[in-house]
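The values are calculated or read from the model by the stated rules, or taken from the named source; none is laboratory data. Keep in mind that this is a model prediction, so the values were computed, not measured. Neighbour counts run over all protein chains shown; Cβ positions are idealised from the backbone, glycine included. Just so you know, the surface numbers come from the protein's heavy atoms only, side chains and all, with ligands and any DNA or RNA stripped out. Shrake-Rupley method; radii C 1.70, N 1.55, O 1.52, S 1.80 Å.
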There are 2 protein chains.
Amino acid sequence: MAFFPAALERLIDQFAALPGIGRKSAQRLAFHVLALPDAEATAFADAIRAAKQEVRCCRLCQNYTDQDICPICSSDRRDHSMICVVSDPKDVLSLERAREYNGLYHVLHGVISPMNHVGPDDIGVKELLQRAASEEVKEVIMATNPDTEGEATAIYISRLLKPFGVRVSRLAYGIPVGSNLEFADDATLTRALEGRTEMQ
Amino acid sequence: MAFFPAALERLIDQFAALPGIGRKSAQRLAFHVLALPDAEATAFADAIRAAKQEVRCCRLCQNYTDQDICPICSSDRRDHSMICVVSDPKDVLSLERAREYNGLYHVLHGVISPMNHVGPDDIGVKELLQRAASEEVKEVIMATNPDTEGEATAIYISRLLKPFGVRVSRLAYGIPVGSNLEFADDATLTRALEGRTEMQ
């Protein structure tokens, strides 16, 4: 039953279509927007349009940018011999925050997932291989998530990269810093044992 | 640090300004919108504009509608002698769902809250008194939330309504149906005892 005015129902539907937003939350958000001053609601609508129009993917790394080539790829202060492969633009943010990595990135915008009909062609593997073919590139770090699909994607891509003669590495698995052995799952503990390093 | 393109940051800001949406969720939602087909993103932006433009408050009950007078107020199958006063349009939906009430509503769009500088003039108390002054109205049911501000608002309005000679009632307090005494708080149990009814 469409209880609210049609335009309000449509707005609720739009919010409810967002990930992690249920019907009740969508109602709450739509009511909030209705109660906003006109200028603020318009700013919200404009922000959606502007983001879609202005934000594109970097021609090289596929990360979101509003330029042809993103600031990281065009920076001469970054190490152009390393490419870190992530599944999502958010992962670039996480890695940048750690301030440890100074190379370039390659954003797949997904992982290979036969269940969801996502194949290598859908996540820009070809573009990565083209970049890896450049003489400049010495190492590719696979930084997809440590879950089944992320792992499978990393293995698949690393095999394709072998012929190019670049070093292919994978982020280390282990106990998170500041965490507790008690709460670590078996798979993580197994990996932490396998990957143990000698103490100095 | 504005890490993402400006237009994307602005969209994240817009989502983060919504109630109950933190920075991480706002990022997730903004990325979701970026990944939408153009037509769907445009539909989202249009839905916000349309809702703001088309949805207004019913001239009588102040509930959201796209007409001058809402379907409930203009229905001749509703009992026009009763007005149920709620603080929020969502509450009308809840009461309608119960299919028990067949009278009219009055939506305050808030409660009296001196802490938040919300006074009687801000929640349309005057409009309610005008309606209660009509000969037709026999009973006003106060259905604001059973919290401090909802209760204070109900008491304040009921005093103003007294001179009009209408019956003023309040929703019953008590143990929720299907609930468990064990989980009922003291205030609810006290009210449930006070409001106990004789068994037939």
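Each of B:Tyr64, B:Tyr156, A:Tyr173 has its accessible area taken with a 1.4 Å probe; listed largest first, they run B:Tyr156, A:Tyr173, B:Tyr64. With the simple model of a label 7 Å out from the Cα in the direction of the Cβ, A:Lys90 to A:Asn180 spans 2.6 nm.
Exactly which GluC sites (Glu not before Pro) in region A:50-104 are in a DSSP loop and have at most 15 other Cβ atoms within 10 Å? Please report the intermediate quantities before stating the final value.
Numbers: sites: A:Glu54, A:Glu96, A:Glu100; in loops: A:Glu100.
Here the sparse-neighbourhood loop sites are A:Glu100.
At each listed q (0.13 Å⁻¹), what is the log10 of I(q)/I(0) that the Debye formula gives for the protein assembly as shown modelled as equal alpha-carbon point scatterers? Log10 I(q)/I(0), no solvent term: -1.10.
Shape verdict for region A:93-132, please, from the Cα gyration tensor: rounded (a/c under 1.5), prolate (a/b greater than b/c) or oblate. Since a/c reaches 1.5 but b/c is at least a/b, the shape of region A:93-132 is classed as oblate. Placing A:Asp38, B:Asp121, B:Asp91 in order of accessible area, with the largest value first and a 1.4 Å probe, yields B:Asp121, A:Asp38, B:Asp91. Evaluated on chain B, the Kirkwood hydrodynamic radius is 20.2 Å, with distances taken between all distinct Cα atoms. What shape does region B:6-54 have by the C-alpha gyration tensor, where a ≥ b ≥ c are the square roots of the eigenvalues, rounded means a/c under 1.5, and otherwise prolate means a/b greater than b/c and oblate the rest? Taking the square roots of the gyration eigenvalues as a ≥ b ≥ c, region B:6-54 is oblate. Working from Cα positions, state the angle (0 to 90°, nearest 10) between the long axis of helix B:38-54 and the longest principal axis of chain B. Long axis of B:38-54 versus the principal axis of chain B: about 40 degrees. The accessible surface of the protein assembly as shown, taken with every protein chain in place and a 1.4 Å probe, is 52 percent carbon and sulfur.
Measuring from the axis that maps chain B onto chain A, the chain B residue with the nearest beta carbon and its rounded distance in angstrom come out as B:Ala45, 2. Approximating the spin labels as points 7 Å out from Cα along Cα→Cβ, the B:Ala17-to-A:Ser134 distance works out to 3.9 nm. Modelled label positions at A:Ile69 and B:Lys24, each set 7 Å beyond Cα in the direction of Cβ, lie 3.5 nm from each other.
Just counting partner chain Cβ atoms within 10 Å, what average do the residues of peptide B:81-94 show around their Cβ? Please list the in-between numbers first.
Working: counts 0, 0, 0, 0, 0, 0, 0, 1, 6, 5, 0, 2, 4, 0.
Taking the mean over all residues of the peptide, I get 1.
Estimated at 0.36 nm per residue, the fully extended path between B:Glu54 and B:Tyr156 surpasses their Cα-Cα distance by 33.4 nm.
Computed over the protein assembly as shown, the per-residue total of -39500 (n - 2.57) for DSSP H runs of n ≥ 4 gives a 222 nm mean residue ellipticity of -13000 deg cm²/dmol, rounded to 500. Shortest first, A:Asn102 label-point distances to identical copies amount to 7.9 nm, with the label point at 7 Å from Cα along Cα→Cβ. A label point on A:Asn180, set 7 Å along the Cα-to-Cβ line, lies at 2.6 nm from each of its counterparts in the other copies, closest listed first. Cα gyration tensor of region B:78-170, axes a ≥ b ≥ c as square roots of the eigenvalues: rounded (a/c below 1.5), prolate (a/b > b/c) or oblate? Because a/c hits 1.5 or more and a/b fails to exceed b/c, region B:78-170 counts as oblate.
Here's the list of aspartates and glutamates a cross-link from A:Lys138 could span, going by alpha-carbon distance under 19 Å and ignoring same-chain residues fewer than 8 apart: A:Asp76, A:Asp79, A:Glu100, A:Glu127. Across the identical copies, the label point of B:Gln130 (7 Å from Cα in the Cβ direction) is separated from its matches by 6.6 nm, in order from shortest.
Against chain A, whose longest principal axis comes from its Cα atoms, helix A:148-161 is set at around 50 degrees.
Against the main long axis of the alpha-carbon atoms of chain B, helix B:6-16 sits at an angle near 20°.
Cross-link pairs exceeding 19 Å between alpha carbons, from the set A:Lys126/A:Lys162; B:Lys126/B:Lys162; B:Lys90/B:Lys162: B:Lys90/B:Lys162.
Rolling a 1.4 Å probe over the heavy atoms of the protein chains gives the protein assembly as shown an accessible area of 58 Å² per residue.
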